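To keep things clear, I will list the structure first and then write my remarks on it.
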Amino acid sequence: MHLFSLPAFFDGGEIVELVSSTGSVAKFVLLTLLAFSLVSWAIILTKWSLLRRARLQSGRFVRAFRRAQRLQDIAAVADQFRPSPLVGVFEGGYAEYKRQLSGPDPSLRSLTAVQRGMQIGASEEISRLERNVPWLAITAAVTPFIGLFGTVWGIIDAFHGLGTAGGATLRAVAPGISEALITTAAGLVAAIPAVIAYNLIGNSIRGFAARGDDFSLEVLNTLESIQPQVMAEVRR
């Protein structure tokens, strides 16, 4: 006899038998939870891959930006680092920078306008990273209650059948209750990964937002340092 052994619930495929023997309402609840779980896992895997690539490319983009001699040089190769949200921040500021230099009075008139352009770019990038993430919060909040609904319905059905049968014994009611409780377990299986992923992904996105703010300050510092050089080139 093993010191630690799995419950009989997991032996011999009994979980499959329990699912197949549940009523139509419980089957509908389980299918609904399965749909929630599949969608949430698709979002988790997609976002995890996107954030990993964004983190890698952000480091490369910052290094390229610091090595570049001119803003035009980094603008020419920015598409190579596209998964990084810092590219959108840079392009938002660079578009305003080019607009000021290409006007009837070419001069770098307002660094504040450049900063606003970078803020708009940062907001768009964060919105892109957050797309579909609220679904994880919905899954984490809703699926336990969907599973609980299936359990309550199953218990009601089990006691109703017990009342009509007329035999009030634990042996008679236990199978129906165990079938009902499987929906609660399924709800937790769907909710727990979603809530963990929602918090981890949200924390990563907040990190990208802070990194975008720092990068915009670095771009402004660069513009301030090269402003005299830019004005000299414009006057030629």
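The values are calculated or read from the model by the stated rules, or taken from the named source; none is laboratory data. Here the structure is a predicted model, which is why all the values come from computation and not from measurement. We place every Cβ from the backbone using ideal geometry, glycine too, and count neighbours over all the protein chains shown.
Considering Gln69, Gln57, the condition of being outside any helix (DSSP H, G or I) and either crowded, with 19+ Cβ neighbours inside 10 Å or free of Cβ contacts under 8 Å to residues at least 40 places away in the same chain (or both) is satisfied by Gln69 alone. In the stretch 94-102 there is no residue that is modelled with pLDDT under 95, out of contact with any Pro (no Cβ under 8 Å at 6 or more places or on another chain) and within 19 Å of Ala210 (Cβ to Cβ).
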